[in-house]
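The values are calculated or read from the model by the stated rules, or taken from the named source; none is laboratory data. Keep in mind that what you see is a predicted model, and the values were worked out from it rather than measured. Glycine gets a Cβ as well: all are built from the backbone with ideal geometry, and neighbour counts include every protein chain shown.
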Amino acid sequence: MIKQLHSMGIRSSLAYTAGIASIGLSVASWVISKGSENAGLDRADRWGIFVGEWAPTLFALGVALRMEEMREEEEMRQRMGTSTDTDTGTGMFDKSQGGRTPVHTQP
C-alpha cells in the first residue's frame, strides 16, 4: 500500500502536513460543535477526539512514506554507483560528527 501511495506521488511531507492540520481541525471541530450544537460538551468532546485520532495515523503514514523515499534514494545511489549510507549512517547525518551534523549535498 505504501509503495502504491508513493508511486501515486504522495510524499511524506504531505502526510506530516495533514497530521498537523488534523490537530488544528480537532480543536476547531470541538469549538464549533460546542458553540453550535445543543447536545452539550460531551458531543463536542467526541468530535474533537474523533478528529484528533487522525493525527497519529497520518504521522505513521508519513514515517512509512519517508522510509519508502529513503529506500528509493538508496536504490538510485546504487544504480549510479555513488557512495552508500555506510559512511554517513542514515544518509542525512555525518557519522564523523557524532551523527548530529547534517550532510549537505551539492545538486
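Here segment 1-14 is the region considered, the condition is being of a type outside the set (S, T, Y) and over 16 Å from R71 (Cβ atoms), and the residue that is modelled with the highest pLDDT is L14.
Table: residues versus (1) out of contact with any Gly (no Cβ under 7 Å at 6 or more places or on another chain); (2) touching a residue at least 24 places away in the same chain (Cβ under 8 Å).
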{"residue": "L5", "(1), (2)": "yes, yes"}
{"residue": "G9", "(1), (2)": "yes, no"}
{"residue": "S13", "(1), (2)": "yes, yes"}
{"residue": "Y16", "(1), (2)": "no, yes"}
{"residue": "G24", "(1), (2)": "yes, no"}
{"residue": "A28", "(1), (2)": "yes, no"}
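Of all residues in segment 27-58, those that are crowded, with 18+ Cβ neighbours inside 10 Å and modelled with pLDDT of 90 or more total 2.
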